[in-house]
Amino acid sequence: MSRRVAITGNEAIAEAMRQINPDVVAAYPITPATEIVQMFANSVSDGKVDTEFVTVESEHSAMSAAIGASAAGARAMTATSSQGLALMWEMLYIAAGLKLPIVAPIVNRALSAPINIHCDHSDTMGARDSGWIQIYSEDAQEAYDNLIQAIRIAEHPDVLLPAMVTMDGFIVSHGMSNAEFLDDDVVRGFIKEYEPKHYLLDVENPITVGALDFSDWYFEHRRQVADAHTRVKDVVLQVAEEFKGISGREYKLFDGYKLDDAEYAIVIVNSAAGTAKTVVDELRAKGLKAGLLKIRLFRPFPQEEIVEALSGKKAIAVLDRADTLSLMGGPLYIDLRAAMYDSPGPRVKMVNYIYGLGGRDINMEQIAGVYNDLVEIVKTGEIKRSVTYLGVRE
Amino acid sequence: MAKPITYYLRTDKMPHIWCEGCGHGIVLSAVLRAVDSLGLDKDDVCVVSGIGCASRAPGYLDFDTLHTTHGRALAFATGIKTMKPNLNVLVLTGDGDLAAIGGNHLIHAARRNINLTTICFNNSIYGMTSGQYSPMTPTGKMATTAPYGHIEEPFDLCELVFSAGASFVARGTCYHANPLSKLIAKAIAVNGFSFVEAISQCPTYYGRRNKMRDALVMLDWQKEHAVTKRAASRLSPEELKDKFIIGELGTRTRPEYTERYESIIKAATKETDDNV
């Protein structure tokens with residue numbers, strides 16, 4: 001029987017990791033992700049998992065150890081945040097380039113400088129071109145469900161790519177909410193045993209991993225990484241369908257909230273989507289056709305489906321909890337704008353709001369204000385500012 | 001004439017983050033009394049730190065300070081020192097910051113013998129992330145990541161740093177606060193890489209887990225287990241087994257990095273001038 005519990009995001013992830021029972025976990029402590037690995041370490045010392053747990057001396061080493069383990073055929077995991085993920089940067093590309101299905105929960109936290117331990121999405125957004133699959137989660141339940149599904153997605157023979165599952169630091173990682181856990185045997189039956197086709201130390205079939213690859217073959221190998229990404233979308237949907245069978249919970253590439261008939265839409269990821277949905281309800285009660293699109297799969301980017309869902313809207317606001325400093329807006333906005341270039345019909349008016357950097361709260365009034373701005377833009381036909389910093393002292 | 005410690009503090013940044021009984025305040029005051037005893041001008045001192053409990057120290061100090069990333073304080077400090085060789089650059093760091101994630105920078109700063117002074121606030125644990133074992137956690141001790149006792153051997157940091165090439169290494173404790181301050185003053189005065197390991201106490205995450213219920217018990221432990229070099233010479237190996245040695249543990253004179261850098265530039269420039 002599944003269990004309904006009051007739980008923090010970190011506890012939910014640690015529980016999922018216990019149930020996944022990976023072969024190797026290598027990690028280094030960093031706020032706010034420390035708890036995940038700490039609780040998992042307790043599962044190791046209590047004999048509840050069979051995992052080889054490696055306490056390395058930096059995040060760079062944590063990802064290196066996970067890569068080594070995965071190349072040797074292990075189901076390998078790690079967890080980190082912010083500077084930890086930044087320090088892994090070199091290794092992220094290697095994990096993807098070697099097509100190693102490592103799965104890592106990432107607790108979103110701002111990047112230095114200045115030093116800050118609170119939530120924004122600079123860390124994972126900075127890793128968006130690393131070749132990792134990225135799945136964003138609104139709350140503890142989604143983080144738990146996404147992590148379990150990520151194992152299947154990453155290890156799928158058509159994919160074989162590393163995957164990160166993100167949730168918001170402190171807001172979700174340390175905030176208590178309701179969640180439903182699946183039974184251990186249900187989870188284990190769902191994720192199955194990992195059976196790698198090629199791995200190190202297979203004496204019958206020796207291989208070389210990460211060899212020097214100049215202008216003769218490098219391009220083909222990188223092209224294969226892109227090719228693997230083209231198959232992710234279908235696998236994500238297929239895994240979600242199976243997951244619905246064991247959990248009753250439905251997952252897609254993104255979540256539309258009152259979106260179908262909406263005229264004004266907000267696009268967002270992670271915890272602030274919850275706040276925004278409440279605003280949508282309030283505005284709907286007042287007769288405004290507000291809607292929301294919450295992206296779940298951000299890498300690879302499900303362009304066709306998102307464009308279809310957003311086509312015909314009168315105006316769209318993309319809310320980013322990270323900046324690209326390109327002066328063209330946040331990472332979600334830049335991708336959305338590029339994606340919408342292919343949308344049929346007249347060009348949809350789109351604006352960007354960068355909010356919540358370093359854990360700054362975003363409240364319902366501010367989000368209602370965004371919808372008001374959209375109404376104003378449609379009324380006047382004029383975009384005064386395409387990128388707005390929301391809730392900052394100017 | 002000694003100035004009050006508050007002269008060197010950003011008192012508006014108080015209260016500090018350290019737990020009740022934490023030894024880091026004692027180490028920090030030893031650093032400040034050392035600076036004061038040398039009569040250094042505030043503007044001639046730059047303090048650099050990494051990440052962790054100890055690395056919060058510069059935030060409370062009224063010098064030019066740089067709070068950097070985990071493990072990299074010495075790399076940042078090397079940059080400062082090469083740009084401004086006349087500055088007294090102090091690196092305040094913890095055992096996790098310095099010996100684990102930053103271990104590589106430590107041995108290479110010592111090898112270069114660059115004139116930085118590094119104070120390691122060694123509390124044998126990762127305090128800020130709630131008690132994982134560090135490279136300085138003694139074998140057999142408990143940590144959140146070692147619930148049945150730690151199976152690794154810690155570094156002898158002074159030995160490591162001296163072997164790597166430092167000009168000066170010393171060890172002190174919070175209990176021996178005045179001698180610690182004098183060691184730090186000596187370290188700052190040295191022309192070369194100088195290193196002081198300050199044994200500090202973390203009652204919250206190390207003590208409670210290891211049958212030392214509060215700071216007083218831990219300070220007592222420091223008192224009981226620290227021996228001077230002279231006292232150690234009179235003890236048998238058996239008596240020395242669970243003791244550690246405090247005081248100056250190594251000094252040598254070696255060419256200093258920024259001076260060598262200057263002289264090679266001079267030599268190279270002269271050669272060019274001659275050619276012209």
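Give me the percent of DSSP beta bridges within chain B that run antiparallel, rounded to the nearest 5. Write out the running numbers ahead of the final one.
On the way: 8 of 37 bridges.
Restricted to chain B, the bridges split so that about 20 percent are antiparallel.
Kindly provide the helix-only [θ] at 222 nm of chain A, computed as the sum of -39,500 (n - 2.57) over DSSP H runs of four or more divided by all residues, to the nearest 500 deg cm²/dmol? Walk me through the numbers before you get to the answer.
On the way: 14 runs with 159 residues, N = 394.
Rounded to the nearest 500, it is -12500 deg cm²/dmol.
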Long-range amide H partners of A:V387 with built H, under 5 Å: A:N352
Percent of beta bridges antiparallel (DSSP, the protein assembly as shown, rounded to nearest 5): 25 percent
Candidate aspartates and glutamates - alpha carbon under 16 Å from B:K81, same-chain residues fewer than 8 apart omitted: B:D43, B:D44, B:D64, B:E256, B:E259, B:E262
The stretch B:187-214-the stretch A:239-261 distance, computed between alpha-carbon centres (Å): 53 Å
Of A:V187, B:A100, A:P162, farthest towards positive along the dipole that unit charges on Lys, Arg, Asp, Glu beta carbons give the protein assembly as shown: B:A100
Estimated D of the stretch B:5-275 in µm² per second, where Rh is the Kirkwood radius over Cα pairs and Stokes-Einstein applies at 4 °C, 1.567 mPa s: 68 µm²/s
Shape category assigned to the stretch A:10-114 from the gyration tensor of Cα positions, a/c cut at 1.5: oblate
Chain B: angle of helix B:73-83 to the longest principal axis, Cα-based, in degrees nearest 10: 20 degrees
Fewest-first ranking of A:W132, B:W18, A:W217, using other Cβ atoms within 10 Å as the exposure measure: A:W217, B:W18, A:W132
Given charges at beta-carbon only (K, R positive; D, E negative), |dipole| of the protein assembly as shown in Debye: 1620 debye
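By counting other Cβ atoms within 10 Å of each Cβ, how are B:C174, A:C119 ranked from fewest to most? Please list the in-between numbers first.
Values: B:C174 25, A:C119 31.
Fewest to most other Cβ atoms nearby, the residues stand as B:C174, A:C119.
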Highest-MSF residue in chain B out of B:P255, B:P58, B:P203 [GNM, Cα springs under 10 Å]: B:P255
Cβ-derived FRET efficiency at R0 51 Å, B:S163 paired with A:M328, nearest 0.05: 0.45
Label-to-label distance, nm, for residues given as A:I246 and B:T253 (7 Å Cα→Cβ offset): 7.2 nm
Between 0 and 90°, nearest 10: helix A:140-155 axis offset from chain A longest Cα axis: 50 degrees
Spin-label proximity, A:R3 to the stretch A:177-208 - amide N less than 19 Å from point 7 Å beyond Cα toward beta carbon: A:177-191
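Using r as the Cβ-Cβ distance of B:K211 and B:R10, and R0 as 45 Å, what FRET efficiency do you calculate, to the nearest 0.05? Intermediate values should be presented prior to the final figure.
Working: r = 37 Å, r/R0 = 0.82.
After rounding to 0.05, the efficiency reads 0.75.
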Most mobile listed residue (A:S271, A:S326, A:S43) in chain A, GNM with C-alpha springs under 10 Å: A:S326
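What fraction of the DSSP beta bridges in chain A is antiparallel, stated in percent and rounded to the nearest 5? Before the final figure, lay out each step's value.
On the way: 12 of 49 bridges.
Restricted to chain A, the bridges split so that about 25 percent are antiparallel.
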Chain A, dipole about Cα centre (Lys/Arg Cβ +1, Asp/Glu Cβ -1), debye to the nearest 20: 1200 debye
Label-point gap, in nm, between B:L38 and A:D361 - each point 7 angstrom along Cα→Cβ: 4.6 nm
Where labels lie 7 Å past Cα in the beta-carbon direction, separation of B:A189 and B:E262 in nm: 2.0 nm
Listed residues B:H176, A:S215, B:L235: farthest to the positive end of the dipole of the protein assembly as shown (Cβ charges): B:H176
Only Lys, Arg (+1) and Asp, Glu (-1) charged, at Cβ; the stretch B:31-86 dipole about Cα centre in debye: 280 debye
A:T230/A:R393 FRET efficiency (R0 45 Å; Cβ-Cβ; nearest 0.05): 0.55
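Thinking of the protein assembly as shown as a set of Cα atoms, what percent of all their pairs are more than 46 Å apart? Kindly include the intermediate steps, with their values, before the conclusion.
Working: 63498 of 224115 pairs.
In whole percent, the share of Cα-Cα pairs in the protein assembly as shown beyond 46 Å is 28.
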Principal-axis tilt of helix A:272-285 within chain A, Cα atoms, nearest 10 degrees: 30 degrees
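FYI, it's all coordinate maths here, none of it is from the lab. These numbers were taken from a predicted model, which means no experiment stands behind them. Note that we place each Cβ from the backbone using ideal geometry, even for glycine, and neighbour counts take in every protein chain shown.
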